[in-house]
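Only one structure is covered here, and it is reproduced in the block below.
The values are calculated or read from the model by the stated rules, or taken from the named source; none is laboratory data. Worth saying up front: this structure is predicted, and the values here are computed from it rather than measured. Reconstructed Cβ throughout: ideal geometry from the backbone, glycine too, with neighbour counts over all protein chains shown.
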Amino acid sequence: MKLLIIEDEQDLLNLIIRYLKKEGYLCEYAVNFKEGYKKINNFEYDCAIVDLNLPGGDGLKLVQYLRADNSQVGIIVISARDTIEDRISGLNIGADDYLTKPFNLSELNARIKAILRRKTNQFSNEIHFGDLSINLEERKVEAGGKLLQLTKKEYNILVYLARNKNRVVTKDSIAEHLWGDYMDNAVSFDFIYAHVKNLRKKLAENGCGDFLKTVYGIGYKFQTH
């Protein structure tokens, strides 16, 4: 899962990123309104964490842009503004949740997970296709009842393709999902081919159906029919 944290307090930002990375999220960040707006327009995210008091603009405007551009993205406002009017404004404008500062990082994580559960697979913590089972909460994958030992990249590719089942997903899209705005550092997309190849092998070795299809010259498709 890929997150965008828009926060100008550097110490708090570092704490949030360090904690959420340990929880298995891919984190990107912006420290002002302009950077946040640029990230929103250039990349896609599963959830955005947005401070309201930002240099160069009001975070509520970014919430509006996020909701207008992508109705599926989860949005959590974090702010020192703690009046009921502020909360209502944030929620009415499109945020899914509102967390006042100071807050516990474990609570932030719990709220992120709650939003992602609501927005993926119809409130379910799990994705099932035949003998394949993906537990999003515990980040576990089972095939034929056996636990698969997947790398972080293999797991993220599998979940990304499964959530876009029966749709062709380009290599560029996969790279952007895995690396975000650091994808330009990649020399080629060979690393994607290697991860998908290893993922297929592990699924096949555990008797799982061949869900991962190659669309030559374009990318891959998680095909269920």
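Quick notes
- Checked against the criterion of being closer than 24 Å to Y155 by Cα and touching a strand residue (DSSP E or B) at 6+ places or on another chain (Cβ under 7 Å), the candidates E28, E23, E7 yield just one match: E28.
- Check on D51, closer than 23 Å to A175 by Cβ and either assigned by TED's automatic domain parsing to the domain that holds A162 or of a type in the set (D, E, K, R) (or both): no
- Selection count where residues are within 18 Å of the chain's Cα centre (by Cα) and buried (at least 18 other Cβ atoms within 10 Å of the Cβ), scope the range 127-149: 4
- Filter pass, K38 being assigned to a helix (DSSP H, G or I), without any contact (Cβ under 8 Å) to a residue 24 or more places away in the chain, within 16 Å of the chain's Cα centre (by Cα) and outside the structural domain of E176 (by TED's automatic domain parsing): no
- When the criteria are applied in full, R111 meets the requirement of being touching a residue at least 12 places away in the same chain (Cβ under 8 Å) and closer than 23 Å to E44 by Cβ.
- Tabulated pairs, the range 136-156, first at positive phi, second of a type outside the set (D, E) and surrounded by 14 or more Cβ atoms within 10 Å (Cβ to Cβ), C-beta under 6 angstrom, 6+ apart or interchain: G144/N206
- For the range 49-61, the criterion of being out of contact with any Leu (no Cβ under 9 Å at 6 or more places or on another chain) and in a strand (DSSP E or B) is met by at least one residue.
- Subset of the range 41-59 (residues that are surrounded by 14 or more Cβ atoms within 10 Å (Cβ to Cβ) and either of a type in the set (D, E) or touching a residue at least 60 places away in the same chain (Cβ under 8 Å) (or both)): F43, E44, D46, C47, I49, D51
- Condition check for E176: surrounded by fewer than 19 Cβ atoms within 10 Å (Cβ to Cβ) and assigned to a loop (DSSP other than H, G, I, E, B): no
- Number of the exception - L15 against (1) in a helix (DSSP H, G or I); (2) modelled with pLDDT of 90 or more; (3) surrounded by 15 or more Cβ atoms within 10 Å (Cβ to Cβ): (3)
- Residues (out of contact with any Lys or Arg (no Cβ under 6 Å at 6 or more places or on another chain) and over 20 Å from P102 (Cα atoms)) located in the range 48-71: G57, K61, L62, V63, Q64, Y65, L66, R67, A68, D69, N70, S71
- Check on L105, aliphatic (A, V, I, L, M) and either surrounded by 18 or more Cβ atoms within 10 Å (Cβ to Cβ) or touching a strand residue (DSSP E or B) at 6+ places or on another chain (Cβ under 6 Å) (or both): no
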